[in-house]
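Here is the structure we will look at, set down as structure tokens.
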Amino acid sequence: MEAAGKTSGDGVPEAIERVLRRFRAMSRADKMQALVQYSQKLEPVPERYDEVDRSSFTIPECQTRVDIFPEVHQGKMHFYADVNVRQSPTVAAVLAVIFAAVNEQPPAVTLAIPRDFVRMLMDGMGLHAREAGLNAMVARLKRAAEGASVAS
């Protein structure tokens, strides 16, 4: 997983850049199928979060409930998300794509996610109604990474 933390010449995590290149080359139907596949890869939330007050972890801008739990261990980030995959496969897929690139990496990798990542990923898919919530999720991840950077 160490390779996931490498960045391209413009500072974008290689894993994110790879996904963006792949999605750019796909038809709309293929993109939708890829999102379904990614949505199945979202890691389950550990039981230790079962009894936590989730109000500070919820992304209010999302149409469906999404709770994101950031952790920092030995200077590396790890994110978990609680989302109903059947109800919101797009949300789960985008999070799975991002988490594959940033989990177990330093906060700088999360901070390097391009500002227009969601737009680039969703280009040509007709899912613009989801864009505000998806961008809010990315912003939440970046705020957690900023906080982790300051704390270390």
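Here, each number is a calculation from the coordinates, and none is a lab measurement. Remember, it's a predicted structure, so these values are computed and weren't measured experimentally.
Tabulated values for the structure
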read-out	value
Relative contact order (percent, whole number), the chain, Cα cutoff 8 Å, 6+ residue spacing	29
At 0.692 mPa s and 37 °C, Stokes D of the chain from Kirkwood alpha-carbon radius, µm² per second	211
Length released on extending from residue 22 to residue 132, taking residue separation times 0.36 nm less the Cα-Cα span	37.3 nm
Residue among 70, 44, 106 with the largest mean-square fluctuation in a Gaussian network model of the chain, springs linking Cα atoms under 10 Å	44
Alpha-carbon centroids, segment 75-134 and segment 137-152: separation in whole Å	14
Radius ratio Rg over Rh of segment 63-127, counting only Cα atoms, Kirkwood formula for Rh	0.99
